[in-house]
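Here the structure comes first, spelled out in structure tokens, and everything after it is commentary.
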Amino acid sequence: MTRLTDTQLIVLSAAAQRTDRLALPLPKSLKGGAAHKVIKPLIERGLLQEVEANLKLGDPLWRETGDGHGITLIITEAGFAAIGIEVEPQKPKARKPEPKPASTERKTREGTKQALVIEMLRRPEGATIPEIVEATGWASHTTRGFFAGALKKKLGLTIASEKDEARGRVYRIV
């Protein structure tokens, strides 16, 4: 078998120590193209395997497929053997999500720009992009990205918009 680099040994050893066998997260110093250079040979040699990520458990993502599914990496039996650890072959177990706390609503810290924007969007009159830009100092594209990322994806809020003759497009949290 071809010799493994020190970085590849670190990745495999870290995965071997985790009960879920996940190879992610990678070392912080390993990013972008360097990460692919280290991981691709491990996948090709069958030492790591790409599997569908369990997003409910918060599995870290290695990549996304074209159809929106997340892929993560796990160490294989061959990966254990490559670093000198003997394991009995195991069937992948279905992991159960961790029980969620009683309140799943995320809290927003007082006095932050996020809190300010949410407050503006909860007003009966809502808010326009230019009004939010003026209040936060953000660029308009940053504000739209904040709607999609922080408000919709992370906080699960629903943002509605409607055209107002006097003010233009007005956004509200519904």
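The values are calculated or read from the model by the stated rules, or taken from the named source; none is laboratory data. Being a predicted model, the structure only gives us computed values, none of them experimental. Quick reminder, even Gly has a Cβ in these numbers, built from the backbone with ideal geometry, and neighbours come from all protein chains shown.
If you filter region 49-65 down to residues that are of a type in the set (D, E, K, R) and in contact with a strand residue (DSSP E or B) (Cβ under 6 Å, 6 or more places away or on another chain), you find that the one that is farthest from residue 15 (Cα to Cα) is 64.
Scanning region 71-85 for residues that are surrounded by 14 or more Cβ atoms within 10 Å (Cβ to Cβ) and part of a loop (DSSP other than H, G, I, E, B) yields a total of 3. No other residue among 68, 46 is out of contact with any strand residue (DSSP E or B) (no Cβ under 8 Å at 6 or more places or on another chain), part of a loop (DSSP other than H, G, I, E, B) and modelled with pLDDT of 90 or more apart from 46.
Do we have residue 160 as modelled with pLDDT of 90 or more and within 26 Å of the chain's Cα centre (by Cα) here? It is true that residue 160 is modelled with pLDDT of 90 or more and within 26 Å of the chain's Cα centre (by Cα).
Taking the conditions (1) in contact with a helix residue (DSSP H, G or I) (Cβ under 7 Å, 6 or more places away or on another chain); (2) at pLDDT 80 or above; (3) part of a loop (DSSP other than H, G, I, E, B) in turn, residue 108 satisfies each one other than (2). Within region 12-39, being within 15 Å of residue 61 (Cα to Cα) and either touching a Gly at 6+ places or on another chain (Cβ under 6 Å) or part of a helix (DSSP H, G or I) (or both) holds for 15, 32, 35, 36, 39. For region 6-19, filtered to residues that are surrounded by 16 or more Cβ atoms within 10 Å (Cβ to Cβ) and touching a residue at least 40 places away in the same chain (Cβ under 8 Å), the residue that is nearest to the chain's Cα centre (by Cα) is 15.
If we scan region 138-157, do we find a residue that is surrounded by fewer than 16 Cβ atoms within 10 Å (Cβ to Cβ), more than 26 Å from the chain's Cα centre (by Cα) and modelled with pLDDT of 90 or more? Looking for residues that are surrounded by fewer than 16 Cβ atoms within 10 Å (Cβ to Cβ), more than 26 Å from the chain's Cα centre (by Cα) and modelled with pLDDT of 90 or more, one finds none in region 138-157, hence no. Filtering region 111-155 to residues that are of a type in the set (A, V, I, L, M, F, W, C) and out of contact with any helix residue (DSSP H, G or I) (no Cβ under 9 Å at 6 or more places or on another chain) leaves 115, 148.
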